[in-house]
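First up is the structure itself, then whatever we jot down about it.
The values are calculated or read from the model by the stated rules, or taken from the named source; none is laboratory data. Keep in mind the model is a prediction, meaning the values are calculated, not measured. Neighbour counts are summed over all protein chains in view; Cβ atoms, including those assigned to glycine, are modelled from backbone coordinates with ideal geometry. To get the accessible areas, we keep the full protein, side chains included, count just its heavy atoms, and leave off ligands, DNA and RNA. Shrake-Rupley method; radii C 1.70, N 1.55, O 1.52, S 1.80 Å.
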Amino acid sequence: FFGGPALLALLGPERSDIPWLALALATSGLALSLIVPASQPGGPIDPFSPAQPSGETSLWACMRAFPLLPAIGFVGGFFEAGVSSLLPLLGTALGLVSVQASWLMAASGIASALAMVPIGKLADRQALSSGAVGQQGHVIRLNLMRHCALACLFSALLLPFTVAWPWLAFAMAMIWGSAGGSLYTLAMIDLGEAASPRLIQRTCVLVIAYTLGGMVGPLVSGATLSWTPHVLALTLAVLSAGLWGCLWRATRR
């Protein structure tokens, strides 16, 4: 996530061998994925086997039972993977040269990677220091996710000002990457802490929602950016505010 844009910035986007380099990296990633074993030592796991405990047995049923989970995953993917992939185009629209625009996405990627471990440690430390277990730990993580949504909201409001001060785009990109990655990390910690017998289904819901946000993000952002940065800023602000409201209601409950 960080190395790809950084490599593009270092080598330059005009080189004719860049697509071949991208293909080689993608092929290497596929080869590494094929090495990962597909089953546990005890045999393959069927998450939808009749032996599963009663309750939400399908992904759709799990989404309906826990609507906050796909909302967190979608917004996290939207900001971390979706909007961030459009950052080079945004940088070019702001008047940055192509190399500087490529570094925008690299900034988002490195911020995302660096934020995940500290935010996870912070969630654990707050839970341990307050002696919170079970539902109390869940509320602590919800509060941290609310701060991430609030960071996305305020950074979206910075977008119109980047026209006059393009350097703000780098701060905005780092906030988007770190907040989006932190949302995903905190949601995954919350799932693991619950130790639910339906952990597989819930994890699939989170990953699917995150991937969907990463796919929809460039489409929505590109369409709104083609009108004006103000429309894009409003779209991102509404999305962040909606998630903040959902997390606030969940915390109150």
Scanning the stretch 171-205 residue by residue, the ones that are open to solvent by 40 Å² or more (accessible area, probe 1.4 Å), more than 23 Å from residue 113 (Cα to Cα) and part of a helix (DSSP H, G or I) total 3
When restricted to 84, 98, the only residue open to solvent by less than 10 Å² (accessible area, probe 1.4 Å), touching a residue at least 24 places away in the same chain (Cβ under 8 Å) and of a type in the set (Ser, Thr, Tyr) is 84
Residue 218 vs (1) more than 22 Å from residue 3 (Cβ to Cβ); (2) modelled with pLDDT under 90; (3) open to solvent by 20 Å² or more (accessible area, probe 1.4 Å): all pass except (1)
Quick count over the stretch 165-190, residues being farther than 17 Å from residue 68 by Cα and among the polar types (S, T, N, Q), is 1
Checking 126, 136 in turn, the sole residue that is surrounded by 15 or more Cβ atoms within 10 Å (Cβ to Cβ) and modelled with pLDDT under 90 turns out to be 126
Being touching a residue at least 12 places away in the same chain (Cβ under 8 Å) and outside any helix (DSSP H, G or I) is the requirement here; does residue 122 meet it? no
Q.
I'd like to check something: does the stretch 65-75 contain any residue that is at pLDDT below 75 and open to solvent by 50 Å² or more (accessible area, probe 1.4 Å)?
A. yes
Picked from the stretch 202-253 (must be touching a Ser or Thr at 6+ places or on another chain (Cβ under 6 Å) and without any contact (Cβ under 8 Å) to a residue 12 or more places away in the chain), the residue farthest from residue 85 (Cα to Cα) is 231
Q: State whether the residues of the stretch 155-170 include one that is out of contact with any Pro (no Cβ under 9 Å at 6 or more places or on another chain), closer than 14 Å to residue 87 by Cα, open to solvent by 60 Å² or more (accessible area, probe 1.4 Å) and not basic (Lys, Arg).
A: yes
Reported set for the stretch 206-215 where residues are within 11 Å of the chain's Cα centre (by Cα) and surrounded by fewer than 17 Cβ atoms within 10 Å (Cβ to Cβ) is 207, 211, 212
